[in-house]
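Asker: Below is a structure I'd like to ask you about.
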Amino acid sequence: LEGASRRRGVAVGLAALAAAAVMGVSEVAFWGADEALNQSQARHAARNDGLRLRELLTDAETAQRGYLLTGRDNYLEPLRLAEAELPSVLKRLRGQYASSAWEALVADASGRAGEKLSELQLVERLYREGQESAWRGLVESDIGREKMQAVREAVAQLDAHELVQIASERDAVARSLNFGRLGVHGLTLLSLFGLAVFLQIGRAHV
């Protein structure tokens, strides 16, 4: 009787240990996958802001050309949109890349984007004031083109970087999920094996 009681105690202890091990493996897999997913979401947000920056400036520049050709204010709607959205987009980008290896690149692109927007606004003002030679000189110079090219190149570098990191984090999620699945399966099989051994020993003592 004493031996049976001892074996029951061992069985309960082993069952509790197995349950704790399964829960531990499951938690480790969950937190690993959750962290990778959160990082991936942040990278998607950064990537979207970079692409939005390029889109806003490109549309604003195209809109300005239409305005200069026609003189119609409705062509300037993309420029008004850039004026409204660009500050918040640039603020988010600077925050997302602060204290990273990309901080200087983002700061430079942010400055160039602000300068490009100011240039578009200046050309519009000069056009409205009738200073044709002044606005034509600005439009025909390479200064604005260089600023746009710098922004495009920065966005392209950031986008390529984020795509690589997103793929890496997707792999990390898969690894965490596989670790959890294989860990739970392995512990379950080990528990069943232990149970079989325990039952075999119990029968031997009957």
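Asker: When Lys and Arg each count +1 and Asp and Glu each count -1, what net charge do the other residues less than 10 Å away from Arg52, Cβ to Cβ, add up to? Please report the intermediate quantities before stating the final value.
Answerer: Values: positive: Arg47, Arg54, Arg92; negative: Asp49, Glu55, Glu85.
Charge balance in the 10 Å sphere: 0.
Asker: Take the alpha carbon gyration tensor of the range 76-126, find the square roots of its eigenvalues, order them as a ≥ b ≥ c, and report rounded if a/c is under 1.5; if not, report prolate when a/b exceeds b/c, else oblate. Mind showing how you got there, number by number?
Answerer: On the way: a/c = 4.75, a/b = 2.09, b/c = 2.27.
Taking the square roots of the gyration eigenvalues as a ≥ b ≥ c, the range 76-126 is oblate.
Asker: Counting other Cβ atoms within 10 Å, which GluC sites (Glu not before Pro) in the range 104-170 have at most 11 and lie in a DSSP loop? Before the final figure, lay out each step's value.
Answerer: Working: sites: Glu115, Glu119, Glu124, Glu129, Glu132, Glu140, Glu146, Glu153, Glu162, Glu169; in loops: Glu129.
Answer by residue number: Glu129.
Asker: Counting Lys +1, Arg +1, Asp -1, Glu -1, what net charge surrounds Ser118 among other residues with beta carbon under 14 Å of its beta carbon?
Answerer: Details: positive: Arg112, Lys116, Arg125, Lys147; negative: Glu61, Glu83, Glu115, Glu119, Glu124.
Taking every other residue near Ser118 into account, the sum is -1.
Asker: Tell me, what is the FRET efficiency for Arg170 and Gln149 to the nearest 0.05, using R0 = 35 angstrom and their Cβ-Cβ distance as r? Working shown, then result.
Answerer: Details: r = 32 Å, r/R0 = 0.90.
Working from the Cβ atoms, E equals 0.65.
Asker: Another question, then. Defining a contact as two alpha carbons under 8 Å apart and six or more residues distant in sequence, what relative contact order in percent does the range 61-113 show?
Answerer: Numbers: 22 pairs, mean separation 12.0, N = 53.
So the answer I get is 23 percent.
Asker: Probe of 1.4 angstrom, ligands and nucleic acids ignored: what's the accessible area per residue over the range 99-162, in square angstrom?
Answerer: Values: 3470 Å² over 64 residues.
With all protein chains present, the range 99-162 gives 54 Å² per residue.
The values are calculated or read from the model by the stated rules, or taken from the named source; none is laboratory data. Since we're looking at a predicted model, the values are computed, not measured. In this analysis, Cβ positions are derived from the backbone assuming ideal geometry, glycine residues included, and neighbour counts consider all displayed protein chains. What goes into the accessible areas is simple: the full protein's heavy atoms, side chains included, and nothing from ligands, DNA or RNA. Shrake-Rupley method; radii C 1.70, N 1.55, O 1.52, S 1.80 Å.
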